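What follows is a set of notes on a single structure, which appears directly below.
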Amino acid sequence: MVFDEKTILEYLKTHREVRAEYHKLEAKRRRCGADMQQCEQERLRVLADKYDIVEEWLSMLPDDKEFVIRRHLIDELDFKRIEAEHIEKWHEFGKSERTLRRYQKIALERIMRYANTFGSDSAKMPGKYSTMPSKGRLVNQ
């Protein structure tokens, strides 16, 4: 699969919904076990893969660029609010709205390069989280 900017933006903008649906189905899987419908089990696998792909993309970004992507595209905050949060978080290193927009553009370019290097299977690469602390990563079972 080729990841163009439109596809990457869709993955990022639906990330919260994907995680919420995953948690709902995972809770059902824990309750029902093997009695869970096959279509729900498949949907659970698809959601976990999609979540892992986005988290992998975010994990390879520098903190400041990850912050902008998470707060603007995933959490849907406007740049004025992100600018204020960025100043609060990094104090004298707070950036203007123009700089934050540039960070987002650079981050999306990096994600696109990375995603098209590893493709849609990047979330399934062996050992990709073996040395990283958990950031709420969902586990495929």
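Only the coordinates and a few stated rules stand behind these numbers; no lab work does. None of these values were measured; they are calculated from a predicted model. When we count neighbours, we look across all protein chains shown, and the Cβ atoms used for this are built from the backbone with ideal geometry, even at glycine.
Treating each Cα of segment 1-90 as an identical point scatterer and summing with the Debye formula, the log10 of I(q)/I(0) at q = 0.24 Å⁻¹ comes to -1.16.
Would you mind checking 50/89; 6/80; 13/89; 80/105; 6/28 for any pair whose Cα atoms are more than 20 angstrom apart? Write out the running numbers ahead of the final one.
Working: 50/89 29 Å; 6/80 24 Å; 13/89 23 Å; 80/105 17 Å; 6/28 32 Å.
Cα-Cα > 20 Å for 50/89; 6/80; 13/89; 6/28; rest within.
Placing pseudo-labels 7 Å out from each Cα toward the beta carbon at residue 96 and residue 76 gives an inter-label distance of 2.9 nm.
Summary value for segment 1-122: 38 percent relative contact order, contacts being C-alpha pairs under 8 angstrom separated by 6+ residues.
Residue 35 to residue 1: FRET efficiency via 1/(1 + (r/R0)^6), r the Cβ-Cβ distance, R0 35 Å, to the nearest 0.05?
Details: r = 32 Å, r/R0 = 0.93.
It comes out at approximately 0.60.
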